[in-house]
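Below is one structure, written out as structure tokens, with a few remarks after it.
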Amino acid sequence: MRVFFSTGEPSGEYHAVELAGEMRRQYGAEIECEGIGSQRMRDAGFRVRVETRGWASLGWIEALAKIPPLLTIMLTTALRLRLHPPDLIVLVDFGAFNLRLARQLRRTGYRGPIVYYIPPGAWLDRVKAAHMVAKATTPLTIFAHQRDFYAGLGLHAEFFGHPLVSLIPPRAPRPAPPPDGGVVAILPGSRRAEIERHMGPLLDAARGFGIERRSLEFIISAANADARTLIEEYVARTAGVKLRVVDGARAALELADAAWIASGTAVLEAALLGVPSVLFYVTSATQARMARRMYAKLGGKWIGLPNLVLQHGVIPELWQENVTASALVEELRKILLDPSKQLSQLAGLRAALGPADALEQIAKFALAQARA
């Protein structure tokens, strides 16, 4: 069996690797996995046809410059898949590229199964995009909200739950740290622009909080080798703070009493693991204005996944001009004094995300599509 996965950024690559691993476990024979991705997929035995390093962007404006080369890659990939069709194509998130790829394949007569795993706009309720996804692919969402939105349009989307429920067991409860100490995880994001916008206020906050709590330690997560190099440059210029850099979100979160986390999947990982957190995010002024208008039209209140799933502001969110060292410290101070308050409010999150065997059922469905 040959399966082609198309990703576009680290979170999608993570989900592709985990899904492929479960599919291989269930299939009981070798599955040849190939596709569009980066180092994580190579390490998992994928044949990477197209490297996605540098693809991720912070928003619509920064993405514009990448459209011409990505369009060429999309057309070339569609032709290759048309000439050498795999048993299954799995598109993972990254709608700017993957939805175009799916539509191009169908336009050129491709009839093989295409599963869109994590369709775009899970919380944005975009009618036009939903119709395009459903027409070209079999949507497989990881959020009940998106399944219900599709159903309201007369469209079908498969839903078995969120795979992180299967992948992240809760850690043992831990007491509040001592008044002068604790371990804080810092997850500044995976993209270069994210790191550059976030590290300043984060390190200022760490420096100030370190004066207040003399034994406080900070563990910074580097999403990949490029991120680590950039983060270490910032760390080298920061004196008087106990800082160390580790590879990956899980390595930073495992030992943490609390965390500062850039908005994204890592906030959900921390919540499932049992690490209370403060969410933050800074983008360009132009993108922020556009995002505010869009969220206002959609009636949005939150950007963090746990808050969206629970429809309640459990995790503090700091955005744009509110991402200051003093605000970061203030919110984290409250958490370290009483972590149980946030954790008790997150108690229903796991059940709200779906059953514990979500990844197993997702893989079973994908294999059935490949065999159809």
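Debye sum, Cα scatterers, segment 60-201, no solvent: what log₁₀ I/I(0) at q = 0.12, 0.15, 0.21, 0.22 1/Å?
-0.68, -0.92, -1.27, -1.31
Roughly how many nanometres apart are two label points built 7 Å out from the Cα toward the Cβ at Arg106 and Arg171?
In this crude spin-label approximation the distance works out to 4.4 nm.
What relative contact order, as a whole-number percentage, does the chain give when Cα pairs under 8 Å and 6 or more residues apart are counted?
About 16 percent, as a whole number.
Lys pairs in the chain, Cα-Cα under 30 Å, at least 8 apart or on separate chains: how many?
Lysine pairs meeting the criterion: 12.
All other residues with a Cβ under 13 Å from the Cβ of Leu153 taken together, and with Lys, Arg as +1 and Asp, Glu as -1, what is their net charge?
+2
How far, in nm, would the chain grow between Leu337 and Arg192 when pulled straight, counting 0.36 nm per residue and subtracting the alpha carbon separation?
48.9 nm
Would you work out the relative contact order for segment 226-372, in percent, from Cα pairs under 8 angstrom that are 6 or more residues apart?
22 percent
Nearest 0.05, what FRET efficiency do Leu124 and Ile211 give at R0 = 41 Å with Cβ-Cβ as r?
Working: r = 41 Å, r/R0 = 1.01.
Efficiency computed from Cβ-Cβ geometry: 0.50.
If you project the alpha carbons of segment 211-363 onto the principal axes, what extent comes out on each, in Å, largest first?
So the three principal-axis extents are 44, 38, 34 Å.
Are there trypsin sites (Lys or Arg not before Pro) in segment 81-160 that DSSP puts in a loop and that have at most 10 other Cβ atoms within 10 Å, and which ones?
On the way: sites: Arg82, Arg100, Arg103, Arg106, Arg107, Arg111, Arg126, Lys128, Lys135, Arg147; in loops: Arg111, Arg126.
For trypsin sites (Lys or Arg not before Pro) across segment 81-160 that sit outside H, G, I, E and B with at most 10 neighbouring Cβ atoms in 10 Å, the list reads Arg111.
How high is the FRET efficiency between Arg2 and Asp148 when r is their beta carbon distance and R₀ equals 35 Å, given to the nearest 0.05?
0.55
Compute the Rg/Rh shape ratio of the chain: radius of gyration over Kirkwood radius, all on alpha-carbon atoms.
When Rh is taken as the Kirkwood radius, the ratio is 0.97.
Within a Cβ distance under 9 Å of Ala185, other residues only, what is the Lys/Arg minus Asp/Glu net charge?
Net charge in that neighbourhood comes out at -2.
5 Å is the cut-off here: which amide hydrogens, built 1.01 Å from N in the peptide plane, fall below it relative to Ala262, excluding neighbours closer than 5 in sequence?
Distant-sequence amide H within range of Ala262: Leu187, Gly189, Phe280.
Check each of the trypsin sites (Lys or Arg not before Pro) in segment 278-372 and keep only those in coil by DSSP with at most 15 other C-beta atoms within 10 angstrom; list them in order.
Sparse-neighbourhood loop trypsin sites (Lys or Arg not before Pro): Lys301.
In debye, nearest 20: dipole of the chain around its Cα centre with unit charges on the Cβ of K, R (+) and D, E (-)?
1120 debye
Quick one: angle between helix 67-83 and the longest Cα principal axis of the chain, in degrees between 0 and 90, rounded to 10, please.
40 degrees
First obtain the Kirkwood hydrodynamic radius of segment 177-294 from its Cα pairs, then insert it into the Stokes-Einstein equation at 20 °C and 1.002 mPa s, and state the resulting D in µm² per second as a whole number. Walk me through the intermediate numbers first.
Numbers: Rh = 14.5 Å.
D, rounded to a whole number, is 148 µm²/s.
Over segment 204-297, what is the relative contact order in whole percent, taking alpha-carbon pairs under 8 Å and six or more residues apart?
That works out to 21 percent.
Given a 1.4 angstrom probe, I'd like the percentage of the accessible area of segment 111-266 that is carbon and sulfur, rounded to a whole number.
The nonpolar share, carbon plus sulfur, comes to 54 percent.
Select from Ala285, Ala44, Ala193 the residue whose mean-square fluctuation is largest in a Gaussian network model of the chain (Cα-Cα springs shorter than 10 Å).
Fluctuation is largest for Ala285.
Quick one: angle between helix 10-27 and the longest Cα principal axis of the chain, in degrees between 0 and 90, rounded to 10, please.
60 degrees
The values are calculated or read from the model by the stated rules, or taken from the named source; none is laboratory data. Keep in mind that this is a model prediction, so the values were computed, not measured. All Cβ positions, glycine included, derive from the backbone under ideal geometry; neighbour counts span all protein chains shown. Just the protein is used for accessible areas: all its heavy atoms, side chains included, with ligands, DNA and RNA removed. Shrake-Rupley method; radii C 1.70, N 1.55, O 1.52, S 1.80 Å.
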